[in-house]
Amino acid sequence: MEFALKNFFVAAPLLLLWGLCVTPLSISLANRYRIVDHPGERKIHTSVTPRGAGIVLWLGFLLWCLFAAGEHPVVRFIGTGSTMVFLSGYRDDMKSIAPLVRLGVHLFAAVIFFVPVSLPPAHVAVCLFWITGMTNAYNLIDGANGLCLLMFISACLLSSPLGNTTVFLSLAALAGGVLYWNFPKARTFLGDGGTTLLGYLFSCFFIYTVAPRLGAVGVIELPFLLLLAGGVPVADTLFAILRRVWKGRSPFLPDRGHIHHRLLDRGISPFWTVILLTFIQCLVVGSGVFLFTARLS
């Protein structure tokens, strides 16, 4: 089920240039309208930083959809769902939205994705849960410069052998263009809109890529394979939820217990924390892709 998209050698460079060249404009707009992130106890940056880079990812993806929509109908549904996810996060960047409301939006966006995708009902339920979780997991992992983007880029690159190679590599190129402005020195942040968008896009395209053969995977086995495919963001989110519930706290209440916080507290620099977690991400997602390939072949 390979997208017959316009040649990768056209799409990827254009998306890379989009990220590189349009991000400075988003920085100016974020500063002008005071969509900024202030330093705090759980944050490692020490100065006010604009967080408008997410809009670059969203608009770049929608432009890409204009070329891809004619090739396959799923792009329209992912584009619709991703817009809901991004706008809810972008609104939250300006004025906080209740966590349960945002979770409901993410779940509804996942439901929209499944309109043209055919899977057994039990598999749909598992994948709905996974896509919704991934959407939030990428937001929670965004605690160090470049970390969320590198999680996304590495996951896309490693998943490309499963199929829809042009799609995964083009999305990685778009994120790579923005990465220049976010790592190692952050001149802008993605904001909640950008981080949740990345989680939604990767999870939707991953499920779409494996969907034709996914029925052969048992519904008991599927969550474990998806856990590996989700990589570091999913593992970190699961541990965060379990940790908070164990302590009798709300799973939505933020803390400094995430894996990047623990590494930073041990004296590892932000740069090497991101590099180490990216390496672990490659190992975990690579293992998941290998097992999916073996199971679906």
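The values are calculated or read from the model by the stated rules, or taken from the named source; none is laboratory data. Just so it is clear, the structure is predicted and the values come from calculations on it, not from any experiment. Backbone-built Cβ (ideal geometry, glycine too); neighbour counts: all protein chains shown. We work out accessible area using only protein heavy atoms, side chains counted, and drop any ligands, DNA or RNA first. Shrake-Rupley method; radii C 1.70, N 1.55, O 1.52, S 1.80 Å.
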Quiz prompt | For the range 62-76 and the range 116-143, distance of Cα centres in Å | solution = 21
Quiz prompt | Tensor-based shape of the range 34-147 (alpha-carbon gyration tensor, a/c under 1.5 rounded, otherwise prolate or oblate) | solution = prolate
Quiz item: Roughly how many Å² is the accessible area per residue of the range 51-200, as a whole number, for a 1.4 Å probe?
Solution: 34
Exercise. Rounded, prolate or oblate: pick one for the range 188-280, where a ≥ b ≥ c are the square roots of the eigenvalues of its C-alpha gyration tensor, a/c under 1.5 means rounded, and failing that, prolate if a/b is larger than b/c, else oblate.
Key: prolate
Practice problem: Please label the shape of the range 106-163 as rounded, prolate or oblate, based on the square roots a ≥ b ≥ c of the eigenvalues of the alpha-carbon gyration tensor (a/c under 1.5 means rounded; beyond that, a/b larger than b/c means prolate, else oblate). | Solution: oblate
Practice problem: Choose one answer from Ala172, Ala211, Ala155: the residue with the largest mean-square fluctuation in a GNM of the chain with alpha-carbon springs under 10 Å. | Solution: Ala211
Quiz item: 222 nm [θ] for the chain, helices only, -39500 (n - 2.57) per DSSP H run of 4+, per residue, to 500?
Solution: -24000 deg cm²/dmol
Self-check item: DSSP loop trypsin sites (Lys or Arg not before Pro) with at most 16 other Cβ within 10 Å excluded, longest remaining stretch of the chain
Solution: 96-184
Practice problem: Could you work out which residue, out of Leu222, Leu150, Leu57, moves most in a Gaussian network model of the chain, that is, has the largest mean-square fluctuation with Cα springs under 10 Å? | Solution: Leu222
Self-check item: Low-density loop positions, chymotrypsin sites (Phe, Trp or Tyr not before Pro), the range 224-255 - DSSP coil, at most 15 other Cβ in 10 Å
Solution: Phe252
Exercise. State the percentage of accessible surface on the range 227-267 attributable to carbon and sulfur atoms; use a 1.4 Å probe and exclude ligands, DNA and RNA.
Key: 68
Exercise. Can you send over the carbon and sulfur percentage of the accessible area for the range 83-139, probe radius 1.4 Å, protein chains only?
Key: 75
Practice problem: Provide the FRET efficiency to the nearest 0.05 for the Leu103-Arg34 pair, computing r from the beta carbons and using R0 = 25 Å. | Solution: 0.40
